[in-house]
Amino acid sequence: MALNKNKDLKMFYSISEVAKLFNVSETLLRFWEKEFPTIKPEKAGRGIRQYTKADIEQVRIVYHLVKERGMTLQGARDMIKRDKGGNVNRNVEVIDKLKAIRSELQAIGKDLGGLV
């Protein structure tokens with residue numbers, strides 16, 4: 001779930017962009033904001049949410065714990081609270097890199113399969 005390289009220059013992302021990035025609903029993101037105090041996008045005029053890269057990283061952690069690892073909301077909150085050294089964030093980064101590598105290897109495998 002890496003950010004698009006062209007979008008890396010952006011300072012803020014809309015809730016719809018973040019929802020699309022994680023393939024979740026905007027409603028779920030709003031719910032997670034209430035459940036996880038670490039997710040706190042700025043609100044512009046009329047309450048429009050503006051997510052920074054730091055906010056997106058917090059969403060990524062919650063997404064990993066709840067959606068990928070299947071933790072309860074309380075379990076995820078407790079793990080984030082206990083994680084003072086940033087281990088969860090590092091683990092999520094490593095998992096994302098491994099997923100990207102797996103995807104590249106699968107693409108190479110398909111290319112090689114066509115050569116045989």
**Request:** Compute, for residue 104, the solvent-accessible surface of its heavy atoms (probe 1.4 Å) with the complete set of protein chains present, and express it in square angstrom to the nearest 10.
**Result:** 120 Å²
**Prompt:** So how far apart, in nm, are the two label points at residue 104 and residue 12 if each is 7 Å from Cα heading toward Cβ?
**Reply:** 3.5 nm
**Correct option for Rg/Rh (Cα atoms, Kirkwood Rh) [calculated from the coordinates] among (i) 1.05; (ii) 0.94; (iii) 0.99** = (i)
**Message:** Please check: in the Gaussian network model of the chain (C-alpha springs, under 10 Å), which one of 65, 29, 105 has the largest mean-square fluctuation.
**Reply:** 105
**Request:** Could you please put 20, 10 in sequence from largest to smallest accessible area, using a 1.4 Å probe?
**Result:** 20, 10
**Message:** Relative contact order of the chain, please, whole-number percent, based on alpha carbon pairs below 8 angstrom and at least 6 residues apart.
**Reply:** 21 percent
**Message:** What is the percent carbon and sulfur in the accessible area of the chain, measuring with a 1.4 Å probe over the protein chains and ignoring ligands?
**Reply:** 56 percent
**For the chain, size of Cβ-based charge dipole, Lys and Arg +1, Asp and Glu -1, in debye** = 220 debye
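Please identify the trypsin sites (Lys or Arg not before Pro) of region 25-111 that satisfy two criteria: DSSP loop assignment and at most 16 other Cβ atoms within 10 Å. Which are they?
Listed in order of number, the matching sites are 69, 84.
The values are calculated or read from the model by the stated rules, or taken from the named source; none is laboratory data. Just so we're clear, the structure is a prediction, and the values are computed from it rather than from any experiment. All Cβ positions, glycine included, derive from the backbone under ideal geometry; neighbour counts span all protein chains shown. Note: areas computed on protein heavy atoms with side chains; ligands, DNA, RNA excluded. Shrake-Rupley method; radii C 1.70, N 1.55, O 1.52, S 1.80 Å.
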